[in-house]
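*Asks:* My structure is below; once you've seen it, I'll send some questions.
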Ligand SMILES: [Zn+2]
C-alpha cells in the first residue's frame with residue numbers, strides 16, 4: 001500500500017518595522033555586535049511595561065487580509081511560559097486563544113491551502129556556542145539583539161501533500177508578503193523561517209499519523225530536502241515495525257539528515273495566561289477596512305492578468321509578478337507604448353537576473369527600437385545598462401554610438417565572404433556535415449559587423465556555403 005504525506009506549515013516572518021514588538025529598541029541587522037539593541041523592557045527587568053508596536057500590528061493585519069482571513073473583534077496577547085537562557089523574561093508574549101486573525105486561504109498552483117491563523121508574537125534571543133558543535137562547546141554566550149523583535153506566525157492547516165507543495169507554498173507566501181510590503185522576508189537574514197510538521201498515513205485513510213516538526217531550515221532548497229528526508233525516515237520506520245515519536249527535529253545541512261532535538265511540548269506545558277501588562281486589543285473596524293482597500297493587487301491575480309490580458313507565458317508572468325518592482329516596471333513601460341511580449345522577454349532575461357531597473361519611459365523607448373529592428377539585441381543590452389548607469393536616454397546613447405542594425409543583405413555580403421575566406425577549416429567542417437561550425441562563422445561575422453541582423457546574417461552564410 002502507498003503512503004500519503006501530510007504537511008502543515010508554521011512560518012515565522014519578521015514584519016517590516018523600525019523598532020521591536022514591545023519597546024523602542026531598533027531592530028538590529030544580523031551582523032551588529034551582540035547586545036547593542038537592548039533596553040530594560042526587552043531584557044525583562046522588573047518594573048518595566050511593554051507597549052504594542054503599531055507598525056507590527058498593521059503589517060500583521062495586512063498579511064491576514066491578503067490571506068483572506070477573518071478578523072475577530074476581540075484579540076489579546078498571552079504569556080507563553082518556559083525557561084531558556086535566550087528568553088530573559090522567562091516567558092514569551094504571544095497570542096493563544098484569541099489570535100488577530102483566523103480561517104484564511106492561500107492558493108498555490110491552483111490548490112487552496114487553508115490558513116488556520118496569523119498572529120503576532122516576539123522573537124527570542126540567540127545562543128552562541130564557542131566550539132564547533134553544541135556538544136563540544138566549552139562556553140555559551142547569549143545575544144539578546146533579537147529578543148523582542150516582532151514576529152508574525154502564519155499557521156496552515158495540514159493541507160500540503162508533498163515536499164514540492166510545501167516549498168511552493170513557502171515561496172508563494174514570501175511573494176505575497178513582499179508584494180504587500182509586510183516584510184522583506186529574506187530567509188538568509190532569518191526574516192522568514194519555515195517549520196513544516198510532517199506525518200504520513202496509508203493512502204485512502206483519514207486519520208492523521210504522528211507528526212514531527214522540523215526546525216533550523218534556512219532556504220527553500222533545505223526545506224524541500226529536509227521534508228524528503230523526513231518522509232523517507234518515517235516510512236522506513238513504520239515499514240520495519242517502528243513508531244514515529246512526536247518531537248522537534250533539526251535539519252543538518254552538512255549531513256543532509258534530520259536529528260532529534262527535543263520531545264514535543266504540548267500547549268498545557270506552557271501554562272498560557274493573558275498578558276496582564278497589556279490591555280486586550282480591539283482594532284478599529286474602519287481602520288481594518290482602510291487597510292483592506294489599500295492592499296495592492298495580489299501576485300496570483302496579477303500573474304493571471306498578465307497571461308490573459310498581455311498574452312505572456314505562465315513562466316514569464318510568474319517571474320515578473322513575483323517581484324513588485326519588475327511587475328510595475330513592465331506594466332508602466334507597456335502603458336507608455338512598449339511592445340508587451342518583447343518587453344516581458346527582456347525583463348525576464350536582462351532585468352530580473354541583474355536587478356537593474358530602468359525608467360519605464362526609457363525602457364519603452366528602447367523596446368520600440370528593438371522591435372522595429374533599428375538596433376540589435378546586443379546593442380540594446382549595451383544601451384540599457386549604459387542608460388541605467390548614466391541616466392541618459394537610450395535614443396541619445398544609440399545615436400552617440402552609431403548603433404543600428406543592418407538587415408540589408410547586400411551590405412553584409414562583402415563581410416560574409418571575407419569571413420568564409422578567412423576560416424577555411426570551419427567551412428570544411430560545415431561542408432562535411434558538422435553543422436555547428438556555422439555558429440563559429442556566425443560569431444566571426446558578428447565580431448566584424450556587430451550591427452548585423454543575426455537572422456539575416458545566418459541566412460546569408462547558409463546561402464554562400466551551399
Ligand atoms: Zn528594548
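The values are calculated or read from the model by the stated rules, or taken from the named source; none is laboratory data. The model shown is predicted, which means the values in this text are computed figures rather than measured ones. Please note: Cβ atoms are built from the backbone with ideal geometry, for glycine as well, and neighbour counts cover all protein chains shown.
*Asks:* Given the stretch 1-115, what strands (runs of 3 or more DSSP E) lie entirely inside it while holding 1 or more residues that are under 28 Å from the mean Cα position of the chain (by Cα), more than 16 Å from the ligand (Cβ to nearest atom) and within 25 Å of residue 140 (Cβ to Cβ)?
*Replies:* So the answer is 3-13, 91-94.
*Asks:* Looking at the stretch 413-432, is at least one residue surrounded by 12 or more Cβ atoms within 10 Å (Cβ to Cβ) and out of contact with any helix residue (DSSP H, G or I) (no Cβ under 8 Å at 6 or more places or on another chain)?
*Replies:* No, there is no match, as no residue in the stretch 413-432 is surrounded by 12 or more Cβ atoms within 10 Å (Cβ to Cβ) and out of contact with any helix residue (DSSP H, G or I) (no Cβ under 8 Å at 6 or more places or on another chain).
*Asks:* Another question about this same structure. Based on this model, can you work out whether residue 170 counts as modelled with pLDDT of 95 or more and either within 16 Å of the ligand (Cβ to nearest atom) or out of contact with any strand residue (DSSP E or B) (no Cβ under 7 Å at 6 or more places or on another chain) (or both)?
*Replies:* So residue 170 fails the test.
*Asks:* Moving to a separate point now. Among the residues of the stretch 177-196, which ones are surrounded by fewer than 22 Cβ atoms within 10 Å (Cβ to Cβ) and in contact with a strand residue (DSSP E or B) (Cβ under 8 Å, 6 or more places away or on another chain)?
*Replies:* 185, 186, 187, 191, 193, 195
*Asks:* Which condition number in (1) surrounded by 14 or more Cβ atoms within 10 Å (Cβ to Cβ); (2) assigned to a loop (DSSP other than H, G, I, E, B) is the one that residue 243 fails?
*Replies:* (1)
*Asks:* Take residues that are over 20 Å from the mean Cα position of the chain (by Cα) and at negative phi and tell me which of the helices (runs of 4 or more DSSP H) falling wholly in the stretch 255-334 contain 3 or more.
*Replies:* Answer list for the stretch 255-334: 285-294, 299-310.
*Asks:* Determine, yes or no, whether residue 128 is within 30 Å of residue 203 (Cα to Cα) and not in a helix (DSSP H, G or I).
*Replies:* no
*Asks:* Just to be sure, is residue 214 closer than 30 Å to residue 17 by Cβ and in contact with a strand residue (DSSP E or B) (Cβ under 7 Å, 6 or more places away or on another chain)?
*Replies:* Taking the combined requirement at face value, the residue satisfies it.
*Asks:* Of 338, 322, which residue is within 23 Å of residue 406 (Cα to Cα) and either in the same structural domain as residue 450 (by TED's automatic domain parsing) or crowded, with 16+ Cβ neighbours inside 10 Å (or both)?
*Replies:* None of the other options fit; the residue is 338.
*Asks:* Right, here's the next one. Which one of 289, 297 is at pLDDT 95 or above and surrounded by 11 or more Cβ atoms within 10 Å (Cβ to Cβ)?
*Replies:* Exactly one residue qualifies, and that residue is 289.
*Asks:* Oh, and also: Which of the following residues is surrounded by 10 or more Cβ atoms within 10 Å (Cβ to Cβ), outside the structural domain of residue 22 (by TED's automatic domain parsing), more than 30 Å from residue 54 (Cβ to Cβ) and at pLDDT below 95: 257, 271?
*Replies:* None of the others qualify; the one that does is 257.
*Asks:* Kindly evaluate residue 461 against the criterion of being touching a residue at least 12 places away in the same chain (Cβ under 8 Å), surrounded by 17 or more Cβ atoms within 10 Å (Cβ to Cβ), out of contact with any strand residue (DSSP E or B) (no Cβ under 7 Å at 6 or more places or on another chain) and not in a loop (DSSP other than H, G, I, E, B).
*Replies:* Yes; evaluated as a whole, the condition is true for this residue.
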